[in-house]
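The values are calculated or read from the model by the stated rules, or taken from the named source; none is laboratory data. Keep in mind that this is a model prediction, so the values were computed, not measured. Note that each Cβ is placed from the backbone with ideal geometry, even for glycine, and that neighbours are counted across all protein chains shown.
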């Protein structure tokens, strides 16, 4: 039985989150799609991703879907934008119980397809968009619908909808219940005077995580392996903290991907923060308009109505904010960007953004590479050639963001 995850053309709409990661590696609802699908018991997943991600995915021990792959037997194809949830897992199992070719849809897009492997023999391609097109043209009978991530704000929407059920499911393996609704892994360290509220969902503290004194956690919430919450940290109403993060201050209804830091006082709400991000002391974002109306997002010059009242910010991998940075409602911050002062517009990738101080400049890829080397060394992680190449590829792929910013970006460093 084969399992293939594919990225279609719409994955670009999730930028800046998907500039440096496949859609199936996005944390949402305390789960990642590629890890959740392992429960289906298929062969290890093969992945059809965008070309600039292939070397990193191979180095991370993820098998790519290659032209010479054997596809004997039944094959489950899953759109990488599928929202990871226990409910989706159940519907995929039902789909796999069928002896006929069939699909689960999301509007006009295929969310998942169950086919005979030979059907795909003519279009075995590493390129996910080509594979998605081939599946779309099969016009398979639909047996149901599953949601796909369309834009960054959908990640927060579905995160809050699925987090409780996903964590209840996750708590059944590898955790012990310390008190009502509080589950811990091995070697968890909890400082004195911890206060927890699990009335709305469980709290999971994964292995080797640590909590300083006087922390407050309201479930559903998840703290990843080796993550650290400093003293007086507040997590409430649906927070997931990734592996080896360092978190302080107040965090609400947000996702923080692995290896990112928010160690100091400041508010992070209804937001997504990528990996290797550092939010400087006092950094805060707004997640509610003064009018209390629904938030409109600006994605690359396209205005998108979220239909949501609470929307924070979406921070790409490797971004950094200076002390006391303030981020307006619904703003995107591109990969490898450096933010100073007040963020009132979307921030391009690879930009030194000091707009409130009168300057926005370009950050060269060589500078990002040097910073990556220093960050990796601090965490005892080797900087591989594929990591360096990914930064250069992302810089090239995001050139349009800087070209279309509305004002020329110089390559001079900001005068601060």
With the requirement that a residue be farther than 21 Å from residue 239 by Cα, touching a helix residue (DSSP H, G or I) at 6+ places or on another chain (Cβ under 9 Å) and in a loop (DSSP other than H, G, I, E, B), what does the stretch 258-306 give you? 300
Could you check, for the stretch 194-208, whether at least one of its residues is under 23 Å from the mean Cα position of the chain (by Cα), assigned to a strand (DSSP E or B) and touching a residue at least 60 places away in the same chain (Cβ under 8 Å)? yes
Return the residues of the stretch 51-82 that are over 13 Å from residue 7 (Cα atoms), assigned to a loop (DSSP other than H, G, I, E, B) and touching a strand residue (DSSP E or B) at 6+ places or on another chain (Cβ under 9 Å); say none if nothing qualifies. 62, 66, 69, 70, 71, 72, 73
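Yes/no matrix, rows are residues, columns are (1) out of contact with any helix residue (DSSP H, G or I) (no Cβ under 8 Å at 6 or more places or on another chain); (2) within 29 Å of residue 1 (Cα to Cα):
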residue: 116; (1), (2): yes, yes
residue: 128; (1), (2): no, yes
residue: 137; (1), (2): yes, yes
residue: 165; (1), (2): no, yes
residue: 183; (1), (2): yes, no
residue: 193; (1), (2): yes, no
residue: 200; (1), (2): no, no
residue: 206; (1), (2): yes, no
Are any residues in the stretch 2-50 out of contact with any strand residue (DSSP E or B) (no Cβ under 6 Å at 6 or more places or on another chain) and part of a strand (DSSP E or B), and if so, which ones? 28, 31
Counting only residues in the stretch 83-105 that are within 20 Å of the chain's Cα centre (by Cα) and not in a helix (DSSP H, G or I), the one farthest from residue 24 (Cα to Cα) is identified as 85
May I ask you to verify whether residue 400 is at pLDDT below 95 and under 23 Å from the mean Cα position of the chain (by Cα)? yes
